[in-house]
Amino acid sequence: MSRAQVQGVVVARARVAEGIHRLTLKCPEVASSMRAGQFVNVRVRDDGWDPLLRRPFSVSRVDGDRIDLVFNVVGVGTKAMSSYEPGRSVDLLGPLGKPFAVDADFETALLVGGGLGVAPLPALTDELRRRGKSAITFLGARSRSQLYREHLFELHVATDDGSEGHHGTVVDLLSVYLGEHTVPSPMIFACGPTPMLRALGAFAKERSIPCELSLEGEMACGIGLCQGCPVERVGGAKRYALVCTEGPTFRAGEVIV
Ligand SMILES: Cc1cc2nc3c(=O)[nH]c(=O)nc-3n(C[C@H](O)[C@H](O)[C@H](O)COP(=O)(O)OP(=O)(O)OC[C@H]3O[C@@H](n4cnc5c(N)ncnc54)[C@H](O)[C@@H]3O)c2cc1C
Ligand code: FES
């Protein structure tokens, strides 16, 4: 898998939902080589050492030589990124990590995103469509105002407050959907908060549906050097896997989330 330290140039920045920003960067090196599920590690500081560590973000979508990053402001790095202006150069490391298994043996992809876990799903949708596979998307958010739903198809929504779609969790919504529809040879691809991934992993196991989870735990180097992103494996010779190089995508049941 190719990876490099490259410079992206900000082409556009937009507020796309409540507290959610999209940064579009011209970055031909990442755009031409990245696969859905991979991420870039962004250097958010200008000068000096603060913040020391890069911040990881899924590549949300590729359009020609441009990539989109979609994020919400939670701290110093994302606050800085939310004020980047067009023309600014951004230091990136990527594409990093293991992509989604789009070539696995399935007919229908069930895409499940919780909160900002929606970020990698547009790129995944594009890649599935290029392969002629169908995708049904299930999106969960606290409220309608926090839904980012661009470039997603066959979309079903759940909100915690009931302001749109199913009133409840996105895992409940998926369960209701599968109770009412016959889906040929499904496979679940999911990204979102850990409790959602845990519940989804259990649901998939119960229904014997293959399932891949993209983890978004905290990270440092992003390239397998610092050992700062371990996740416990289930069985096998090695006790831990590194999320940055052996993930962020894992088969449900392969690791303990
Ligand atoms: C592979 C990968 C892909 C990611 N993709 C996206 C994405 O597409 N969009 C997006 O919005 N976020 C994504 N994240 C999470 C993102 O990296 C963090 O939100 C970001 O690093 C926060 O930086 P900060 O400087 O703003 O916050 P900090 O100042 O570093 O932290 C602020 C608060 O957020 C918490 N925090 C920091 N990082 C994480 C994390 N990874 N998970 C949970 N809590 C965290 C801290 O503990 C702290 O409480 C991804 C993470 C990984 C590992
Ligand atoms: S973040 Fe350094 S090894 Fe994974």
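The values are calculated or read from the model by the stated rules, or taken from the named source; none is laboratory data. Not measured: the values here are computed from a predicted model. We place every Cβ from the backbone using ideal geometry, glycine too, and count neighbours over all the protein chains shown.
Among the numbered conditions (1) among the polar types (S, T, N, Q); (2) more than 16 Å from ligand 2 (Cβ to nearest atom); (3) touching a residue at least 60 places away in the same chain (Cβ under 8 Å), tell me where SER208 comes up short.
SER208 satisfies every listed condition except (3).
Exactly one of these conditions fails for GLY228: (1) within 16 Å of ligand 2 (Cβ to nearest atom); (2) not in a loop (DSSP other than H, G, I, E, B). Give me its number.
Of the numbered conditions (1) within 16 Å of ligand 2 (Cβ to nearest atom); (2) not in a loop (DSSP other than H, G, I, E, B), the odd one out for GLY228 is (2).
Determine whether the stretch 56-70 contains at least one residue that is outside any loop (DSSP other than H, G, I, E, B) and surrounded by fewer than 16 Cβ atoms within 10 Å (Cβ to Cβ).
Scanning the stretch 56-70 turns up at least one residue that is outside any loop (DSSP other than H, G, I, E, B) and surrounded by fewer than 16 Cβ atoms within 10 Å (Cβ to Cβ).
From GLY168, GLY217, GLY222, which residue is assigned by TED's automatic domain parsing to the domain that holds LEU121, within 16 Å of ligand 1 (Cβ to nearest atom) and on the phi > 0 side of the Ramachandran plot?
On the way: GLY168 fails: within 16 Å of ligand 1 (Cβ to nearest atom); GLY217 fails: on the phi > 0 side of the Ramachandran plot.
Answer to the selection: GLY222.
Have a look at GLU212, GLU206 and point out the one that is out of contact with any Gly (no Cβ under 8 Å at 6 or more places or on another chain), outside any loop (DSSP other than H, G, I, E, B) and either surrounded by fewer than 16 Cβ atoms within 10 Å (Cβ to Cβ) or outside the structural domain of GLY115 (by TED's automatic domain parsing) (or both). Reasoning before the result, please.
On the way: GLU212 fails: either surrounded by fewer than 16 Cβ atoms within 10 Å (Cβ to Cβ) or outside the structural domain of GLY115 (by TED's automatic domain parsing) (or both).
After applying the criteria, what remains is GLU206.
On the basis of being surrounded by 15 or more Cβ atoms within 10 Å (Cβ to Cβ) and either over 19 Å from ALA119 (Cβ atoms) or among the charged types (D, E, K, R) (or both), does TYR148 make the cut?
In short, no.
Is it true that LEU200 is part of a helix (DSSP H, G or I) and surrounded by 15 or more Cβ atoms within 10 Å (Cβ to Cβ)?
yes
Looking only at the stretch 1-32, count every residue that is of a type in the set (D, E, K, R) and assigned to a strand (DSSP E or B) and tell me the total. Before you say what the answer is, go through the steps one by one.
Step one: list which residues in the stretch 1-32 are of a type in the set (D, E, K, R), which gives 3, 13, 15, 18, 22, 26, 29.
Applying the additional criterion that residues be assigned to a strand (DSSP E or B) yields 13, 15, 22, 26.
Within the stretch 1-32, residues that are of a type in the set (D, E, K, R) and assigned to a strand (DSSP E or B) number 4.
When residues of the stretch 42-70 are filtered for being near ligand 1 (Cβ under 10 Å from one of its atoms), within 14 Å of the chain's Cα centre (by Cα) and over 19 Å from GLY247 (Cβ atoms), how many remain?
Within the stretch 42-70, residues that are near ligand 1 (Cβ under 10 Å from one of its atoms), within 14 Å of the chain's Cα centre (by Cα) and over 19 Å from GLY247 (Cβ atoms) number 2.
Tell me which of these THR182 doesn't satisfy, since it passes every other one: (1) within 14 Å of ligand 1 (Cβ to nearest atom); (2) part of a loop (DSSP other than H, G, I, E, B).
(1)
Among the residues of the stretch 100-136, write down those that are β-branched (Val, Ile, Thr) and surrounded by 24 or more Cβ atoms within 10 Å (Cβ to Cβ). Give the steps one after another, and end with the answer.
Our first condition is that a residue be β-branched (Val, Ile, Thr); within the stretch 100-136, this holds for 102, 108, 112, 118, 125, 136.
Result: VAL112, VAL118.
When you check THR78 against the structure, is it among the polar types (S, T, N, Q), in contact with a strand residue (DSSP E or B) (Cβ under 7 Å, 6 or more places away or on another chain) and not in a helix (DSSP H, G or I), yes or no?
no
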